[in-house]
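Have a look at the structure below before the remarks.
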Amino acid sequence: MRQLIIFLGTMLCTTAFGKSIEKKECQTQKISQPIQIDGILNEPVWTNAQWNQEFEMYIPYDNKKASQPTQFAILYDQDFVYVAIKALDSEPALISKRLTRRDDLDGDYLGVQFDSYNDKQTSYCFNVSAAGTKSDAFISNDGDSQDNSWNPIWWVETTVTNEGWVAEMKIPFSQFRFVNSYEQTWGIQIERYIQRSEETSLWQAKQRNDPGWVHHFGKMNGLVDIQPKKTFDLYPYAVANYSSYPQEEGNPYADGSDWKGNMGLDGKVGLTNNLTLDFTINPDFGQVEADPSSVNLSGFELFFEEKRPFFIEGNNIINFPLMFGDGDLAWDNLFYSRRIGRNPHNYPELDSAEYAKVPDATKILGAAKITGRSKNGLSIGIMESVTAKESAEITYNQDQTREETVEPATNYSVVSIQKDFGGGNTLLSGMVTSTNRLIDEEQLDYLHTNAYTAGLDFTKYWKDKTYFFTAKGAFSYVQGSTQALINTQESPTHLFQRPDAKHVKMDSTRTSLPGYGGNVNFGKSGGGRLSYIAAIYFKSPGLELNDVGFVRHSDDIISILWAGYRINEPFSIFKRMGININHWSSFDFGGTYLGMGGNTNLNVTFKNNYRSSFGVNVNTDELSTSQLRGGPAYRMPGNTNLWGFVGSDYRKKLSIALFGNYSQGFENYYQSSSYELEITYKPWYNIEFGLAPSISQDFNEQQYVTESSYNGDPRYILASIDQRVVSASLRVNVNLTPDISIQYWGQPFFATGAYNEYKMVTDSKNDSYHDRFHIYPEETIHLNNETQEYEIDESGDGSPDYGFSKPDFNTKVFLSNLVARWEYRPGSVLFLVWSQNRYNETNDPDMQFATNVTNMFNFQPQNTFLIKLSYRIGI
């Protein structure tokens, strides 16, 4: 607390005042005839339009005159707004024209952003590269949130001339939300990027250190007598796929191949001018790339990003993170859409002569979202999704079958609301979620029947959003059978069974569990080079979000102090530079001090556009409440971590980046090193190759293995592990036109883990490291080669007292995904997909790379070939 008071007092004395920038205004005009979009601008209406210029730099310098002139004009009719931008260039031969897939711009580009509500909080962004590739996004919270998955219907053409290049756009009013008023003023910003000089210029000047984005826009006047339009788009689709896989003798469900077909409907309907309904019936996401392979020995669930289009779009509204920043704490959220359509929870227990056909994923019967924003700053997001009851078909006695439910029918509901006050200087938002399962079979009794969460967030900005204060609280409540609540209390998230935890109690009679969490933070986010945050983050022992949200660990109170200093303008050999420093301390809800740490890092971009960053993390000894997976807290030695990155100029045909990470534990208990090389090669304007090989090697004397018992006393068994991982990511992007692309991704992955020097915990909190455990002597531990189990004779009588399975592993995986995409008309898409999965795992930890590679291609893969056609029906 003393550190916190000193930190706040020091930072409050640091105030920076940016210079006032005059707001610009432009005039649009109404036309009576539509414009043909061809990128030529030879219509008389463009000649007579009001053209605006005088752009200023945003990057690399603040408010200097742009190196190349830019001009724009805006016209409109009853249905469309037309934008023409002339990017004049003294060296047009040097304009970078790289053809890429939508939303992945490369090369020179132009963009327009409209704040159609003029609320200084939201904007619709339309960008285009010199090669004609579109990129679009919806911005909210004055630039703090950006939804790049928003894909409106609009048209654009570009041409390169001997004076530069031109973009001509046609955007339907149905893609905007605005008030129903005879005369309107919209906020507007025009942006230009020149890749060869890495220069970004803006029509309405803004300094990079100034917080916020949309409230800095200029004004567009002259919109008269336009009516809000309602979107109405339907996207019926049909999909067919063929899968081949290894045939399993005697298994009627693994005959080597399957054919499947499916149909469904997606839609986007404007309920009012302010609210849009997105829905999907019987969705299919076969074109989505697989998750990368990984090894998880932590006991905690891994977090995977959402890739399904329906759940990505609008996630800036349907989102309630408990913590800011990045890293694993930033994953804590009331809504984690990957829960919907997940793999089934249950897997049937089979006898030796039984075979089962189990669904890979839970079928989503339908999902719907209502999102929108009113003119008075009220944003709303409502999502409802229903997943099917899933059953496994089991064959026994060769020709008899039965079914066993592996996932109950489930309804997911999410409601999110945010209200802006005072021009966005005060924000009040909230979210409520519910998960309701229809559990009518005993084998699913370990799942929650009902789970509810609610959150409330208050944010206050002042001094032109330079300073902020945030208070956020969340609550959870789960219900279920006694078995379901036992599983929850004993899960890695909670671990109520810990024998030394005096502030929590394992209750086998519980049928419900409440919890809460949140954070309070104060900081400075701009108005100068210095930014800082002071925060306290807390999660009560009972906080449970994992039915439709995400939380890895509860029972935490974490204090955080962070400060960053940015130099955005070039000096000496640097183009820009930033340095960060932070400190954190951790306690549990019983008041037990768990540990602390800190880090500092520096990142720089040089004038030749090479980049580098490095950092140092130091953690003191930690009292880990999860190391023994339900056992007493275990004192883990601290560690030091060094990491670094260096990258060449990404604009070149060939660019290289190298990442390195090294960690060393105190007491030499732990050592880890990892390296990754990223190579990007762009041989032609429309082709890009990417290769990212990586290697890591970890040694850990304190790897958890299992829990056993001897004479009624628990035995927490640890071991030393040598773990090695070799993998690579290969990407190939070929863009034939802005609407036709071919993308390939492949990942070979090899991981081995060799365990040795098994030990049992004797005194988990002893100040002396080596007195916390006892290493099993060779004469007391024996590997049974027939059962592949270790047998421990602790009593010394010659017979095993307890044991555990050999934990060594050798995993070989190869994932690949080839997708051809053709948007043959706006909103209508044809996908051709080939996916391959090769997987093999043994308990032989020998990492012979050449042998592993050869072996991986010796076993038959699973191949899936898919064709999916969608057609937009819209007005």
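The values are calculated or read from the model by the stated rules, or taken from the named source; none is laboratory data. Bear in mind that the values here come from a model prediction, so they are computed numbers and not experimental data. Positions of Cβ are backbone-derived with ideal geometry, glycine not excepted, and every protein chain shown enters the neighbour counts. For accessibility, only protein heavy atoms count, side chains too; no ligands or nucleic acids. Shrake-Rupley method; radii C 1.70, N 1.55, O 1.52, S 1.80 Å.
Any idea what the dipole of the stretch 352-440 comes to, in debye rounded to 20, about its Cα centre with Lys/Arg Cβ at +1 and Asp/Glu Cβ at -1?
Charge dipole, the stretch 352-440, about its Cα centre: 780 debye, nearest 20.
Starting from the Kirkwood radius over alpha-carbon pairs of the stretch 694-762, derive D by Stokes-Einstein at 10 °C in a medium of 1.306 mPa s and give it in µm² s⁻¹.
Rounded, D is 101 µm²/s.
Mean projection of the alpha-carbon convex hull of the stretch 454-594 over all orientations, in nm²?
11.1 nm²
Compute, for the chain, the length of the dipole vector about the Cα centre, with Cβ point charges of +1 (Lys, Arg) and -1 (Asp, Glu) only. Units Debye, rounded to 20.
Its charge dipole is roughly 4460 debye.
Please calculate the 1.4 Å probe accessible area of R825, with all protein chains present, and give it to the nearest 10 Å².
Approximately 80 Å² for this residue.
How would you rank 251-263, 490-502, highest first, on the average number of other Cβ atoms within 10 Å across their residues?
Those peptides, ordered most packed to least, come out 490-502, 251-263.
So who's got an amide H within less than 5 Å of the one on F773, skipping anything under 5 residues away but keeping other chains? H placed 1.01 Å off N, in plane.
Distant-sequence amide H within range of F773: T762, D763.
Between helix 2-12 and the chain, what is the angle of the helix's C-alpha long axis to the longest principal axis, kept within 0 to 90° and rounded to the nearest 10?
10 degrees
Please name which of F55, L866, N141 has its Cα lying farthest along the dipole of the chain towards the positive end, using unit charges on Cβ (Lys, Arg +1; Asp, Glu -1) and the Cα centre as origin.
F55
Mind jotting down the three principal axis lengths of the stretch 298-442 based on Cα atoms? Whole angstrom, largest first.
Cα extents, longest axis first: 72, 34, 27 Å.
Which whole-angstrom value gives the distance between the alpha carbon centres of the stretch 381-404 and the stretch 689-704?
Centre-to-centre (Cα) distance: 38 Å.
Sorted by average packing, counted as other Cβ atoms within 10 angstrom per residue and highest first, what order do 145-151, 73-79 take?
Per-residue Cβ counts within 10 Å, averaged per peptide and sorted highest first, yield 73-79, 145-151.
What residue among N521, S572, F550 has its Cα farthest toward the positive end of the dipole of the stretch 501-580, where the charges are +1 on Lys, Arg and -1 on Asp, Glu, each on the Cβ?
Highest projection toward the positive end goes to S572.
Give a quick list of chymotrypsin sites (Phe, Trp or Tyr not before Pro) in the stretch 152-238 that DSSP marks as loop, anything other than H, G, I, E or B, with at most 15 other Cβ atoms within 10 Å.
Hits after loop and neighbour filter: Y182.
Can you give the Rg to Rh ratio of the stretch 560-644, both from alpha-carbon atoms, with Rh computed by the Kirkwood formula?
My calculation of the ratio gives 1.18.
Using a Debye calculation, one point per C-alpha and no hydration shell, please list log10 I(q)/I(0) for the stretch 650-734 at q = 0.15, 0.24, 0.26 Å⁻¹ in order.
-0.71, -1.08, -1.16
In what sequence, highest mean first, do 426-438, 571-583 appear when ranked by Cβ atoms within 10 angstrom?
Listed from highest to lowest mean packing, they are 426-438, 571-583.
Show T161, T470 ordered by accessible area, largest first, where the area counts protein heavy atoms only and the probe is 1.4 Å.
Descending accessible area places them as T161, T470.
Radius of gyration and Dmax for the stretch 406-498's Cα atoms, expressed in Å?
Over the stretch 406-498's Cα set, Rg and Dmax evaluate to 18.8, 59 Å.
Could you pull the Rg and Dmax for the chain, using just the Cα atoms, both in Å?
Taking only Cα atoms of the chain, I get Rg and Dmax of 29.5, 101 Å.
Per the helix-only calculation at 222 nm, which mean residue ellipticity applies to the chain, given -39500 (n - 2.57) for every DSSP H run of n ≥ 4 and division by its residues, nearest 500 deg cm²/dmol?
About -1000 deg cm²/dmol.
Let me check something: with ligands and nucleic acids excluded, how do I37, I139 order by accessible area (1.4 Å probe), largest to smallest?
Descending accessible area places them as I37, I139.
Mind putting a number on the dipole of the stretch 438-493 about its Cα centre? Charges go on the C-beta only, +1 for Lys and Arg and -1 for Asp and Glu, and I need it in Debye to the nearest 20.
780 debye
Would you please give the residues with an amide H less than 5 Å from that of Y710, counting only those at least 5 places away or on a separate chain, with H modeled from the backbone geometry?
Amide H neighbours of Y710: R715.
Please list, in order along the stretch 751-768, the HN-Hα scalar couplings obtained from phi with the Karplus expression 6.51 cos²θ - 1.76 cosθ + 1.60 (θ = phi - 60°), rounded to whole Hz, x for Gly and Pro.
Karplus-based 3J(HN,Hα) across the stretch 751-768 equals 9, 10, x, 10, 9, 7, 6, 5, 8, 10, 6, 10, 8, 5, 10, 4, 5, 8 Hz.
Considering only L322, P236, F304, whose Cα is most displaced toward the positive end of the charge dipole of the stretch 219-349, charges sitting on Cβ of Lys, Arg (+1) and Asp, Glu (-1)?
Final value for the positive-end residue is P236.
Students often get this wrong, so check it: of K97/K230; K307/K375; K307/K363, which have C-alpha atoms separated by over 28 Å?
As for pairs spanning more than 28 Å Cα to Cα, those are K97/K230; K307/K375.
Can you give me the long-range amide H partners of S481? Hydrogens built in the peptide plane at 1.01 Å from N, cutoff under 5 Å, separation of 5 or more residues or another chain.
The answer is T449.
Calculate one ³J(HN,Hα) per residue across the stretch 65-70 by plugging θ = phi - 60° into the Karplus curve 6.51 cos²θ - 1.76 cosθ + 1.60, and present them in order as whole Hz with x for glycine and proline.
Coupling constants for the stretch 65-70: 5, 4, 6, 10, x, 9 Hz.
Out of all Cα-Cα pairs in the stretch 226-353, roughly what percent, to the nearest whole number, are more than 21 Å apart?
Above the 21 Å cut-off, the stretch 226-353 has 64 percent of its Cα pairs.
Can you list the HN-Hα couplings for the stretch 114-119, worked out from phi with the Karplus curve (6.51, -1.76, 1.60; θ = phi - 60°), rounded to whole Hz and with x for Gly and Pro?
These are the phi-based 3J(HN,Hα) values: 10, 9, 6, 7, 6, 9 Hz.
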